Amino acid sequence: MAVIKTALIVGGGIAGMSAAIALRKIGVDVHLIDVDPHWRVAGAGITITGPTLRVMAELDILPDVLAEGFTADGILACDHHGHELARIDTSMRAASGVPGAGGIMRPVLHAIMTRRLKALSPRVSLGISIASMTQGDVAEVTFTDGTSGVYDLVVGADGIYSQMRKLLMPEVSLPRYVGQMCWRLTAERLPDIDRRTYFLGGPSKVGLNPVAPDAMYMFLLEPSAEPLRREPAEELERLAELMAPFGGAIATLRDRLDSTAQINVRPLETLFLDQSWLQGRTVLIGDAAHATTPQLASGAGMAMEDGVVLAQCLDDETDFAAALHRFMERRLPRCRLVVDKSLALGRMERSSGSPVDQIKVVESALAELNGPI
């Protein structure tokens with residue numbers, strides 16, 4: 001039986017919904033709030049690792065992800081001309097029965113998780129945030145709409161620019177830019193792209209990943225000393241320039257670029273709380289505590305794992321403080337691994353590091369992540 005009865009979850013993204021689903025499954029009364037009155041999601045495709053598919057099974061969303069996304073074992077690593085360098089084994093079926101890799105459009109995943117959560121009948125309040133909070137034996141919260149509530153646990157899952165983190169830990173530095181701009185392009189899936197495929201050794205790192213039987217997305221990591229902003233009209237021309245040195249599938253996509261191209265570009269930023277994510281009755285999870293760059297495709301997976309592990313600890317322990325302490329013991333080293341290895345890969349990419357060395361880092365990190373959460 002869970003050591004708490006009520007929980008407030010601040011943020012209705014991947015981390016917040018994962019925590020809400022996991023806590024409802026162990027019988028906790030959940031109140032989820034999100035500042036967006038329309039509960040929207042932004043972004044393009046999400047690359048999914050085997051460990052992420054495994055935690056999706058824990059959240060009971062894997063069947064829908066398999067039906068509406070795309071999965072395949074293995075990663076194909078190529079040089080920037082499109083010639084094969086290596087195949088990275090990602091298979092987890094023997095251990096967990098799930099595929100080793102995949103992809104899905106972020107709005108599709110958001111819809112799947114929303115459906116799953118609503119089936120568990122939480123209380124959901126949109127268009128509000130926390131105005132004030134006091135913590136003692138319980139957390140007493142006043143919301144921006146004038147309502148209030150009392151909770152055994154508050155979960156801050158409100159993203160990389162978390163207002164909960166700012167409220168609880170104002171001394172923590174803001175997220176930092178890592179020297180890469182991430183370009184994403186959604187396109188019709190090319191027949192030869194049947195798994196996650198990397199193109200290494202060029203002036204930028206490029207990857208393709210199917211997200212549905214007929215769709216895929218491309219990411220391109222552009223080294224840039226400053227987080228440059230461009231007008232939408234300039235983005236098409238710049239992306240074509242960045243793709244020009246590449247052959248194979250990337251050259252094919254470049255030739256198809258036109259004014260209808262679905263392009264998204266943003267600076268890569270990171271933040272890692274190398275300290276307790278706890279304060280009183282509150283815990284930070286997901287990007288609020290450990291925002292990573294996408295090199296290991298594990299940001300969403302780590303956020304989901306946070307929610308599942310938090311519920312496990314609250315269900316297994318008989319003491320609230322002990323449950324949260326156990327949560328930190330399990331999550332801190334694993335999330336540190338993802339952030340550190342992702343940043344290491346980013347440094348190698350910016351310095352045109354050896355593709356073979358990059359592949360070794362990916363293989364090593366994924367092998368560790370395949371272990372228990």
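Readers should treat all values here as calculations from the given coordinates under stated rules, not as data from a laboratory. As the structure is a prediction and not an experimental result, all values here were calculated from the model. Here the Cβ is made from the backbone with ideal geometry for all residues, glycine too, and neighbour counts use every protein chain on show.
Taken along the Cα-to-beta-carbon direction at a fixed 7 Å, the label points for residue 192 and residue 147 span 5.5 nm. Distance from the Cα centroid of segment 95-123 to that of segment 304-373 is 20 Å (rounded to whole angstrom). In the chain, helices alone account for a calculated mean residue ellipticity at 222 nm of -11500 deg cm²/dmol, with every DSSP H run of four or more residues adding -39,500 (n - 2.57). Length gained on full extension, residue 264 to residue 316, computed as 0.36 nm times the residue gap minus the Cα-Cα distance: 14.5 nm.
Report, for the chain, the % of DSSP beta bridges that are antiparallel, rounded to 5. Intermediate results must be reported in sequence, preceding the final value.
Numbers: 51 of 72 bridges.
Percentage antiparallel, nearest 5: 70.
Using Cα atoms only, what is the angle between the long axis of helix 320-350 and the major principal axis of the chain, expressed in degrees (0 to 90) to the nearest 10? Approximately 20 degrees, to the nearest 10. Note on residue 42 and residue 84: the model spin-label points, each 7 Å out from Cα along the C-beta direction, lie 4.0 nm apart.
Can you give the relative contact order of segment 13-120 as a percent, counting alpha carbon pairs under 8 Å and 6+ residues apart?
Numbers: 140 pairs, mean separation 39.0, N = 108.
Computed over segment 13-120, the figure is 36 percent.
Under 17 Å of direct C-alpha separation, and excluding same-chain neighbours fewer than eight residues apart, residue 25 reaches these lysines: 5, 118.
Among 73, 34, 192, the residue with the largest mean-square fluctuation in a Gaussian network model of the chain, with springs joining Cα atoms closer than 10 Å, is 192.
Just so you know, the averaged projected area of the alpha carbon convex hull for the chain sits at 17.6 nm². Here the spin labels are modelled as points 7 Å beyond Cα on the Cα-Cβ line, and at residue 26 and residue 174 they lie 3.6 nm apart. Straight-distance candidates among the lysines for linking to residue 360, with alpha-carbon spacing under 29 Å and chain neighbours fewer than 8 residues away dropped: 205, 341. Counting only alpha carbon atoms, the long axis of helix 232-243 and the longest principal axis of the chain meet at about 60°. Set against the 2.2 N^0.38 Å expectation for a compact globular protein, segment 260-338 has a Cα radius of gyration ratio of 1.28.
Scanning residues 5 or more positions from residue 125 or on other chains, those with amide H under 5 Å from its amide H are 32, 33, 34, with H placed 1.01 Å from N in the peptide plane. The translational diffusion coefficient of segment 150-291, from Stokes-Einstein at 25 °C and 0.890 mPa s with a Kirkwood hydrodynamic radius over alpha carbon pairs, comes to 141 µm²/s. Axis angle, to the nearest 10 degrees, between helix 14-25 and the longest C-alpha principal axis of the chain: 50 degrees.
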